[in-house]
Each structure stands twice: as C-alpha cells, then as structure tokens.
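Beneath this line is the structure, given in structure tokens, with notes to follow.
The values are calculated or read from the model by the stated rules, or taken from the named source; none is laboratory data. Remember, predicted model here, so these are calculated numbers, not experimental data. Please note: Cβ atoms are built from the backbone with ideal geometry, for glycine as well, and neighbour counts cover all protein chains shown.
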Amino acid sequence: MGDSIVDLAPEINASLDRANVALAVGDTIQVTFPFKNEWTHEARVRPDGSASFLLIDDVKVVGLSLADLDARLTALYAKKREGVEHIELTVGVVGAGGGSTTSANPGFSIYVIGDVTNPGPIVLAGRALTLLEAIGAAGGPLKPTANLRNIILVRRLGQSGEIRSWRLDADVDRWGSLPPIFLQPRDIVFVPSTAIDDVDIWVDQYVRRMIPFPYLLRY
C-alpha cells in the first residue's frame with residue numbers, strides 16, 4: 001500500500017517549481033496590464049520561436065521561463081510608456097500547444113499513464129491541477145483492478161534535475177477528505193494494476209529509459 005497523502009502532501013507541494021518551465025512552440029501567452037487595460041492581449045508562440053506583442057512586435061520567447069519573459073517584456077514596454085508613468089504587467093500561459101485542453105505540449109502538460117481510461121498528456125492551460133483531478137481528467141480507473149492505493153507520482157525537481165518519486169494511497173473511498181497534491185508541468189502519474197515492490201527500480205526502467213518519455217519531457 002502507498003504512503004499517506006495526508007502525511008506527504010506538504011512535502012510534495014513544497015517541491016513545486018513552475019518558474020523553470022520553458023515556453024514552447026504553440027503556447028498562447030497572455031500579457032496583462034493592470035493600469036493600461038487596452039494593452040492587455042494574447043500572443044501565440046510561432047514555429048520560429050517568436051511571438052508578436054502589441055507595440056513591440058516580435059520577441060524570441062522559446063526557452064524562456066515566464067519570469068524571464070515577464071522581465072524582458074517589462075523592459076521593452078518601459079521604452080513604450082506613451083504617457084504611462086509606471087509599467088506593470090504580468091504574463092501567463094492560457095493555452096498550450098495551440099490552446100486546446102487536449103493537445104499534447106511537452107512544456108505545460110502532465111502525464112497520467114497506466115490503468116486509466118484515457119492515458120496520456122493533460123495540458124495545464126493556466127490552471128492548477130491536483131493529483132486526483134488529473135486521474136479524473138484521464139477518465140478515472142479503467143477497471144476495478146486499478147490499484148489506486150499504490151499510485152506513483154514522479155517529478156523532476158527544478159534546476160537540480162533530481163528525479164523524485166512517491167508511492168501514494170489514493171483510495172477512492174477517501175477522495176473527499178484527502179488534502180490536495182498540486183501537479184506541475186511534466187509530472188508523471190502512474191496508476192498500476194498491481195502493487196509495485198520497488199518504486200526506484202520502476203522509475204529507472206519506465207521513466208529514465210522509457211520511450212517516448214525522454215523526448216516528450218525534454219529536460
């Protein structure tokens with residue numbers, strides 16, 4: 001049986017690191033100006049890695065984190081003040097891989113695999129998603145034999161690149177009382193049909209060496 005979600009949720013949530021997720025082709029970026037609403041707009045990342053922004057035209061964005069893009073756009077818009085004393089903006093991703101919630105985008109997707117109805121990528125289109133919501137978004141357990149009490153969550157941590165994994169007891173009878181575990185882009189959730197004895201061996205065989213996951217995750 002997996003470990004208690006109640007016990008591990010604080011540790012897992014503390015490992016979240018969305019700042020280092022790189023923008024990719026097909027992402028739709030929203031630029032919001034709190035004090036200049038008419039400047040608020042969306043820009044899509046084109047195949048050449050650039051996006052067109054109001055007043056400042058094309059900017060190369062592929063590979064940038066949202067924090068890096070925020071800083072770059074702030075500097076560029078500061079040169080286009082047009083009567084605005086102070087430039088304040090925020091950037092976010094409102095669509096990934098073309099903006100569809102079913103499109104696979106390596107930068108902003110999580111992956112639910114194993115004994116679920118619709119295994120594969122789930123795009124995080126500017127929204128927080130919990131472990132249990134992700135399982136539900138994948139159609140839930142494929143059959144009664146799905147072992148929800150031995151779910152494996154795999155995450156690569158920030159800039160260190162360390163792979164962490166947790167085996168969790170997500171017994172469906174307790175879904176209403178469990179604290180949320182929030183997912184970040186490129187997380188992998190595996191719902192087994194049988195118990196896994198050694199999680200580290202499983203991660204080595206089916207994540208580090210797995211095709212196509214090394215390509216899909218593009219670390």
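Residues that are in a strand (DSSP E or B) and touching a residue at least 24 places away in the same chain (Cβ under 8 Å) within segment 1-43 comprise D3, S4, T28, I29, Q30, V31, T32, E42, listed in sequence order. Contact map, segment 52-66: residues that are assigned by TED's automatic domain parsing to the domain that holds I87 and more than 20 Å from K79 (Cα to Cα) paired with residues that are hydrophobic (A, V, I, L, M, F, W, C) and not in a loop (DSSP other than H, G, I, E, B), Cβ distance under 8 Å, separation 6+ or inter-chain. Pairs shown: S65/A19; L66/A19; L66/V91; L66/V93. I163 - would you say it is β-branched (V, I, T), part of a strand (DSSP E or B) and modelled with pLDDT under 85? Judged against the criteria, I163 is a match.
With respect to the stated conditions, G114 fails to be surrounded by 14 or more Cβ atoms within 10 Å (Cβ to Cβ), within 18 Å of L178 (Cβ to Cβ), at pLDDT 75 or above and out of contact with any helix residue (DSSP H, G or I) (no Cβ under 6 Å at 6 or more places or on another chain).
Within segment 183-202, residues that are under 15 Å from D169 (Cβ atoms) sit with their Cβ atoms under 8 Å from residues that are hydroxyl-bearing (S, T, Y) and modelled with pLDDT of 85 or more, at 6+ positions apart or across chains, in these pairs: V189/Y111; V199/S165.
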